[in-house]
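For reference, the structure is listed below as structure tokens.
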Amino acid sequence: MKAFTNVKDLGDLKVAVQEALEIKKNRFGYKSLGENKTLLMVFFNSSLRTRLSTQKAAINLGMNTMVLDVNQGAWRLETERGVVMDGDKSEHLLEAIPVMGCYCDIIGVRSFARFENKADDYKENILQQFIQYAGRPVFSMEGATTHPLQAFADLITIEEYKTKARPKVVLSWAPHPKALPQAVPNSFADFMNEANVDFVITHPEGYELDPQFVRGAKIEYDQDKAFAGADFIYAKNWSAFADEHYGQILSKDRSWTVDTAKMALTNQAKFMHCLPVRRNMIVTDDVIESPQSIVIPEAANREISCEVVLKRMLESLK
Ligand code: AN0
Ligand code: CP
């Protein structure tokens with residue numbers, strides 16, 4: 001595997017989930033694979049889970065890890081070609097990326113949507129430059145438009161907790177005070193559309209996601225109707241995708257917050273969220289603390305989804 005940015009990079013998803021469940025039983029089983037190999041993690045944005053779970057996955061595989069927080073201690077990076085660099089940016093990505101590639105074998109990159117230019121975000125301007133110029137396998141640790149390590153961990157979690165062959169999985173928009181990217185819901189839809197689940201997306205009008213990720217998924221604008229009979233509720237906020245409102249907050253309607261009354265409409269659904277989560281905006285204290293909440297095992301599976309990706313990348317180096 002030379003790049004990991006979306007579901008297609010995993011090939012057969014059933015095989016990938018099986019591989020994940022095997023690795024989970026024996027997570028140090030490939031410790032020699034990463035011997036004398038170095039992972040570089042490059043963060044343009046904050047992280048708790050991705051930072052720790054990715055390092056842990058690399059450690060499981062016997063790798064060394066290095067972390068660069070671009071905004072803390074590195075030179076400020078210009079990302080656009082052709083700019084006269086007479087401002088506050090001291091170095092260009094076009095030098096920085098191949099230099100980073102000199103010091104490592106695999107690179108992970110976190111670079112969120114900037115909401116300045118929709119076309120640049122949806123071209124994955126920064127991540128694609130890493131893929132093109134690093135000379136190393138590159139994986140997304142959440143790009144501008146996708147968060148595939150999260151969605152893969154989510155799918156593994158659903159596989160572990162499902163009680164029927166084809167569960168009903170509902171992706172629900174929920175309110176949040178700040179504008180958030182569409183990466184998490186995009187990737188969740190990308191993966192659920194390839195999985196054996198009855199997939200429904202619910203959100204207020206105006207929050208339609210990019211059709212390349214939604215594909216044939218059912219859209220239900222009435223949250224209560226969507227929740228009826230659900231086996232999994234996956235809550236997440238995102239900002240608007242439509243051109244005229246791109247990156248904007250259109251609603252902070254707290255009637256969309258996932259609470260006990262809404263969960264009572266479901267088939268005793270498990271509650272999921274990628275975290276970090278704002279309590280009593282996205283989900284009430286009661287729901288996230290209830291036995292139906294599986295947000296912690298979901299986060300734990302980030303180590304496993306990443307270990308599968310790193311293992312496949314290490315195998316491709318040989
Ligand atoms: C980010 C997002 O919504 O994309 C990261 C989630 C994993 N969340 C925040 O910025 C709060
Ligand atoms: N879910 C997730 O990616 O969390 P972090 O932003 O803390 O890495």
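Could you tell me whether Gly82 is open to solvent by 60 Å² or more (accessible area, probe 1.4 Å), within 18 Å of Ala3 (Cβ to Cβ), assigned to a loop (DSSP other than H, G, I, E, B) and of a type outside the set (D, E, K, R)? Answer is no for this residue. Here is a list: Asp259, Asp243. Which entry is surrounded by 14 or more Cβ atoms within 10 Å (Cβ to Cβ) and out of contact with any His (no Cβ under 7 Å at 6 or more places or on another chain)? So the residue among Asp259, Asp243 that is surrounded by 14 or more Cβ atoms within 10 Å (Cβ to Cβ) and out of contact with any His (no Cβ under 7 Å at 6 or more places or on another chain) is Asp259. All of Ala195, Ala217, Ala183, Ala165 fail the test of being within 16 Å of ligand 1 (Cβ to nearest atom) and among the hydrophobic types (A, V, I, L, M, F, W, C), apart from Ala183.
If you scan the range 101-115, which residues turn out to be open to solvent by 20 Å² or more (accessible area, probe 1.4 Å) and either within 16 Å of ligand 1 (Cβ to nearest atom) or in contact (Cβ under 8 Å) with a residue 12 or more places away in the chain (or both)? Correct list: Tyr103, Asp105, Phe112, Arg114, Phe115. Given the criteria farther than 16 Å from Ser140 by Cα and either open to solvent by less than 40 Å² (accessible area, probe 1.4 Å) or within 16 Å of ligand 1 (Cβ to nearest atom) (or both), does Leu77 qualify? So Leu77 fits the description; yes.
Within the range 53-64, one or more residues are within 16 Å of ligand 1 (Cβ to nearest atom), touching a helix residue (DSSP H, G or I) at 6+ places or on another chain (Cβ under 8 Å) and in a helix (DSSP H, G or I).
The number of residues in the range 33-52 that are in contact (Cβ under 8 Å) with a residue 40 or more places away in the chain and either surrounded by fewer than 20 Cβ atoms within 10 Å (Cβ to Cβ) or within 13 Å of ligand 1 (Cβ to nearest atom) (or both) comes to 10.
The values are calculated or read from the model by the stated rules, or taken from the named source; none is laboratory data. Owing to the predicted nature of the structure, the values given are computational and were not obtained by experimental measurement. Note: ideal-geometry Cβ built from the backbone for every residue, glycine included; neighbour counts use all protein chains shown. These accessible areas exclude ligands, DNA and RNA; they are computed on the full protein's heavy atoms, side chains included. Shrake-Rupley method; radii C 1.70, N 1.55, O 1.52, S 1.80 Å.
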